[in-house]
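Derivation of every value follows stated rules applied to the coordinates shown; laboratory data play no part. Predicted, not measured: the structure shown is a model, and the values here were computed from it. So basically every Cβ, Gly included, is an ideal-geometry build from the backbone, and we count neighbours across all protein chains shown.
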Amino acid sequence: MLAKPESTGRDWRVLLRLGPWLRRQRILIVFALIAFAVSRLLEAAIPLFLREVIDRIDTGNPALLGPVLGIVACVLARLLVVTSARIGIRQAGINLVFDLRQTLFDRLQSQGATFFTRHTVGDMMTRAVSDLGLIRRLVSMGTIMAVIMVYATVIGFAAMFYLAPSLAWMVAPPLPFIAWYASRASKRMNSSSRQTQERLGELTDRTQERFGGIRTLQAMAREDAEIERFQTDNEAYAEAFRAQARVASAMTSVMPTLAAVATLTVIGYGGHLVLTEQITKGTFVAFFAYVAMVIAPMRSMGFLVNLVQRAAVAAGRVFEVLDLEPEINDQPSGATPGRMRGVLAAWGLTYTHPGSSNVALADLELDIQAGETIAIMGRVGAGKSTLLALFARMLEPPAGSVLIDGHPVADWPLRELRRQVALVPQDAFLFAQPLRENLSYDDPTRELEPILGAAEAADLESTITALPQGVATLIGERGVTLSGGQRQRTTLARGLIREAPILLLDDCFASVDTDTEERILDRLLAERTGLTTLMVTHRVSTARRADRILVLEAGRIEGFGSHAQLLASEGWYAELAQSQQQASARAMES
């Protein structure tokens, strides 16, 4: 799992790291801060006009138009200013989270295979959607609440001390206690918020996984069992949310109680001052309005603390991802040529997957000439896919151990390397887009003719003809409307269409019958003349058509030569060839 540094996500201070993104919105934020200050001043002016109205009524003075117009003007002006301020600060929150989400997505794009092996897609989605949503709420809603609270307290108390200093001193004592309680409760809220977000990430991940495997689930009649498992996960999230709600509820109930104490103080002592004629009735009403002005935002302090702590946890989870360095460090030497010739080499290549104690490849020495077709064979776990991933630099090899055209792969610009080294992975992943967009994913502007040419090379003509809209047919999420063999041939065509100097095929014929495989191989070998091709396969009938065959055993080279040479060596390859030949003979007899 992702590390949780002590300085990240543990308290509100992680929110200070939002500074670079906040600075981009400084114009909107400064405008909103000024506008809110103006709105508080306008609000503070209303009780003064109100005091004048009441005192004039009390003394029988009929000149009320002036102060009444003053109240109306303040109300209308405040409406305009507050509306503008709220629009500005909410726009700043939207913009900030837009930039932050883009930064997060960019960082995830730079992570390698190991990262996505260790971290679930559901958890990343929760960080990119739910966690960033909490940050947006803090910037948009929390900023409004905090600014109003500060301005209301400063302006309100200034007005109270101006009107009745002795009464103002009676209202002030509860404030330090409110601040102490908010600080204490925020620590509990931090812990419960992190638990809630983590449970949400787990729930999202497992839900996505179950929907992704819905066909397998239904085929094995596991609906009831999965419903029970979902109920367990859902209950874990609900219980975390309930725990958070209990803390938040306690905070939001205590704050109004403390505010009520201040209200009773004003009524009791303020009433005494009026009766003893130390202050006028108008001053008492105005003072009470200022108390309400100060207390109203304090009533929501519990909600604000809850919002701050949840956003702090969310920001910590986001920065846990942003703080991770990319697995592949793209720092090209600038000495590589523009176009690859396709010469591949491995010098003393030893590789162990991060977090594993088992060596995937051990002391490999390998030379492959430009234009060669190499078949790679071996038992499960022999290191075949790892070797291809290292040549494509999907995994980071030890320095200088993997070379292309005599240059270590780290010397090549990463984007250029992956443009010229086409890797067709074993997992036939397709996007929920039309078939044409899947075939031409690397260049959506590509003309139809090369798309159909690559489809023909991958033996997809009959599939395209059978589709209701041809290559324009939407194939569903992960290509659900296609068979396993059709999906595999589609990904193969997606690799062939690039005409890359180096093509790496990771067991791309596993779901294809032997007759179809033979047709594809005929076209593949014809079209790849002069270009380097490495293909992982488990079929001797496929491997024997390669120029040479590399046999791996537990990460080491057991054999490397032609079909005839490996048969003569009487090793694992010869045994496999004999076994598959006998199986084929039995199939023909039956």
_Distant-in-sequence amide H partners of residue 559 (H built 1.01 Å from N, under 5 Å)_ = 551
*May I ask for the angle, rounded to the nearest 10°, between helix 174-212 and the longest principal axis of the chain, with both axes built from Cα atoms and the value confined to 0 to 90°?*
30 degrees
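If I take every Cα pair under 8 Å that is 6 or more residues apart in the chain, average their sequence separation and divide by the length, what percent do I get for the relative contact order?
On the way: 842 pairs, mean separation 88.5, N = 590.
Contact order relative to length: 15 percent.
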*Can you give the angle from 0 to 90° between the axis of helix 65-109 and the longest principal axis of the chain, with both taken from C-alpha atoms, to the nearest 10?*
20 degrees
*Cα lying deepest toward the dipole's positive end in the chain, options 561, 66, 276, charges on Cβ*: 276
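Taking a ≥ b ≥ c as the square roots of the Cα gyration tensor eigenvalues, with a/c under 1.5 meaning rounded and otherwise prolate when a/b beats b/c, else oblate, which class fits the stretch 380-451? Write down the numbers at each step before the final one.
Numbers: a/c = 3.20, a/b = 1.66, b/c = 1.93.
Oblate.
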*Take the alpha carbon gyration tensor of the stretch 508-551, find the square roots of its eigenvalues, order them as a ≥ b ≥ c, and report rounded if a/c is under 1.5; if not, report prolate when a/b exceeds b/c, else oblate.*
oblate
_Global form of the stretch 12-322, assessed from the alpha-carbon gyration tensor, a/c cut-off 1.5_ = prolate
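Please compute the contact order of the stretch 295-446 in relative form: average sequence separation of alpha-carbon pairs under 8 Å and at least six residues apart, divided by the residue count, as a percent.
Working: 155 pairs, mean separation 35.8, N = 152.
Once divided by the residue count of the stretch 295-446, the mean separation gives 24 percent.
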*If one takes the longest principal axis of the Cα atoms in the chain, at what angle in degrees, from 0 to 90 and to the nearest 10, does the Cα axis of helix 143-163 lie?*
10 degrees
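Given a Förster distance of 56 angstrom, what is the FRET efficiency for residue 578 paired with residue 466, based on the Cβ-Cβ distance and rounded to 0.05?
Details: r = 39 Å, r/R0 = 0.69.
That gives a FRET efficiency of 0.90.
If you place +1 on the Cβ of every Lys and Arg, -1 on the Cβ of every Asp and Glu, and leave all else neutral, what size is the dipole of the stretch 12-322 about its Cα centre, to the nearest 20 Debye?
Details: 33 positive and 21 negative charges, 137 e Å.
That gives the stretch 12-322 a dipole magnitude of about 660 debye.
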*About the Cα centre of the chain, what is the dipole size in debye to 20, counting +1 per Lys and Arg Cβ and -1 per Asp and Glu Cβ, all else neutral?*
2860 debye
*Summing +1 for each Lys or Arg and -1 for each Asp or Glu, what net charge is found among the other residues whose Cβ lies under 15 Å from the Cβ of residue 554?*
0
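Normalised by the residues of the stretch 344-585, what does the relative contact order come to in percent, with Cα pairs under 8 Å and at least six apart?
Details: 421 pairs, mean separation 64.1, N = 242.
Normalised by residue count, the contact order of the stretch 344-585 is 26 percent.
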_Calculated FRET efficiency for the pair residue 303/residue 31, C-beta based, R₀ 30 Å, to 0.05_ = 0.75
_For residue 373, what residues show an amide H to amide H distance below 5 Å, using hydrogens built from the backbone and excluding near sequence neighbours?_
533, 547, 548
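Might you report the magnitude of the Cβ-based charge dipole of the stretch 498-590 about its Cα centre, with Lys and Arg at +1 and Asp and Glu at -1, to the nearest 20 debye?
On the way: 10 positive and 15 negative charges, 39 e Å.
Value, rounded to 20: 180 debye.
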*Compute the FRET efficiency between residue 433 and residue 146 as 1/(1 + (r/R0)^6), taking r as their Cβ-Cβ distance and R0 = 41 Å, and round to the nearest 0.05.*
0.40
*Specify which labelled value, from (1) 26.9; (2) 25.2; (3) 29.8, agrees with Kirkwood radius over Cα pairs in Å derived from the coordinates of the model shown.*
(3)
_On a full-extension model of 0.36 nm per residue, what is the gain between residue 170 and residue 568, subtracting their alpha-carbon distance, rounded to one decimal in nm?_
133.1 nm
*For a quick protection proxy, order the peptides 457-464, 473-480 by their average other-Cβ count within 10 Å, most packed first.*
457-464, 473-480
_For residue 352, distant residues with modelled amide H under 5 Å away_ = 360
*Say the dipole of the stretch 48-103 comes from +1 at the beta carbon of Lys and Arg and -1 at that of Asp and Glu; which of 100, 50, 88 then lies farthest toward its positive end?*
100
*Cut-off 20 Å (backbone N to label point 7 Å along Cα→Cβ of residue 207), residues of the stretch 471-498*: 477-478
_15 Å cut-off, amide nitrogen to a point 7 angstrom out along residue 474 Cα→Cβ, residues in the stretch 424-451_ = 431-438
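Sort 137, 40 so that the residue with the fewest other Cβ atoms within 10 Å of its own Cβ comes first and the one with the most comes last. Could the numbers behind the result be given before it?
Details: 137 18, 40 23.
Final ranking by Cβ density, sparse to dense: 137, 40.
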*asked:* Can you compute the modelled spin-label distance between residue 117 and residue 522, with each label point 7 Å from Cα toward Cβ, in nm?
replied: 3.9 nm
_On a full-extension model of 0.36 nm per residue, what is the gain between residue 87 and residue 260, subtracting their alpha-carbon distance, rounded to one decimal in nm?_
59.1 nm
*Positive end of the charge dipole of the chain (Lys, Arg +1 and Asp, Glu -1 on Cβ, about the Cα centre): tell me which of 414, 159, 467 has its Cα farthest that way.*
159
*asked:* What percent of all Cα-Cα pairs in the stretch 344-585 falls into each 5 Å bin, going from 0 up to the bin containing the maximum distance?
replied: 1, 6, 14, 18, 18, 16, 13, 9, 4, 1, 0
*Whole-Hz ³J(HN,Hα) from phi, Karplus 6.51 cos²θ - 1.76 cosθ + 1.60, for the stretch 315-321, glycine and proline x*: 5, x, 5, 5, 6, 4, 7
